[in-house]
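Quick notes on the structure that follows.
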Amino acid sequence: MEDMKSVMSRIDKTGEGVYVQATTLGSLEALLEFLKTPGVSIPVSGIGIGPVHKKNVIKASVMLEKKKEYSTILAFDVKVTQGARELSDELGVKVFMADIIYHLFDQFKAYIDTIKEEKKKEVAEEAVLPCVLKIIPNCVFKKKDPIVLGVDVLKGIFRIEELELKKKQQETKAIETSRKAIPSMVFISKRQKKSARNN
């Protein structure tokens with residue numbers, strides 16, 4: 001009974017973490033101890049002993065609403081029933097199986113790295129990349145619609161296709177990201193400027 005209390009004390013009290021399943025109490029303790037080490041530190045929200053059943057998948061699926069990456073079962077040296085496999089596929093719960101703790105960790109880490117890369121790509125498409133521009137003297141070619149001028153990018157990254165002029169409440173103009181090109185503004189690069197002067 002004391003062993004079970006010791007194991008239960010290692011479960012994350014916030015309720016966020018992976019679900020861990022092992023063959024025996026001893027192997028469960030070993031896995032929990034490994035997951036707690038500083039180099040690994042994977043939180044655990046639930047535990048079980050024996051084969052992975054539907055009920056274990058349902059418990060792990062709770063994480064889909066909290067943290068999708070934790071909606072996983074780390075099955076250490078246990079079998080997964082056919083019903084549990086089908087339900088995990090249906091719900092989107094990942095089940096990682098291995099006979100060696102380090103292999104289980106490697107599988108989970110690869111999965112987390114994949115999720116992080118996907119999130120980076122999603123954010124990169126919507127990210128606002130600020131920049132500081134300086135208008136080049138004697139390169140203001142047109143002051144009215146469309147504005148035509150030459151600029152130097154002093155800091156940051158300048159992406160023309162994401163700029164849009166928007167009038168604010170205090171009658172000031174600000175540049176915002178909106179993934180639309182500005183139909184009334186033309187930016188000329190240094191190469192274009194040189195070729196225009198030569199003609």
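The values are calculated or read from the model by the stated rules, or taken from the named source; none is laboratory data. This is a predicted model, so every value here is computed, not measured. Cβ atoms come from the backbone with ideal geometry, glycine included; neighbour counts cover every protein chain shown. Note: areas computed on protein heavy atoms with side chains; ligands, DNA, RNA excluded. Shrake-Rupley method; radii C 1.70, N 1.55, O 1.52, S 1.80 Å.
If you filter the stretch 41-61 down to residues that are of a type outside the set (Lys, Arg) and open to solvent by 70 Å² or more (accessible area, probe 1.4 Å), you find that the one that is modelled with the lowest pLDDT is Ser41. The set of residues from the stretch 69-107 being crowded, with 16+ Cβ neighbours inside 10 Å and basic (Lys, Arg) comprises just one member, Lys94. Counting the residues of the stretch 50-75 that are closer than 11 Å to Tyr19 by Cα and of a type outside the set (Gly, Ala, Ser) gives 11. Looking across the stretch 109-137, the residues that are under 12 Å from the mean Cα position of the chain (by Cα) and either modelled with pLDDT of 90 or more or not aliphatic (A, V, I, L, M) (or both) come down to Tyr111, Asp113, Thr114, Lys116, Glu117, Glu118, Lys119, Lys120, Lys121, Glu122.
Of the numbered conditions (1) loosely packed, with under 15 Cβ neighbours inside 10 Å; (2) within 24 Å of the chain's Cα centre (by Cα), Asp145 fails exactly one; give the number of that condition. Answer for Asp145: the failing condition is (2). In the set Lys193, Lys173, Lys166, only one residue is surrounded by 14 or more Cβ atoms within 10 Å (Cβ to Cβ), in contact with a strand residue (DSSP E or B) (Cβ under 7 Å, 6 or more places away or on another chain) and modelled with pLDDT under 80; that residue is Lys193.
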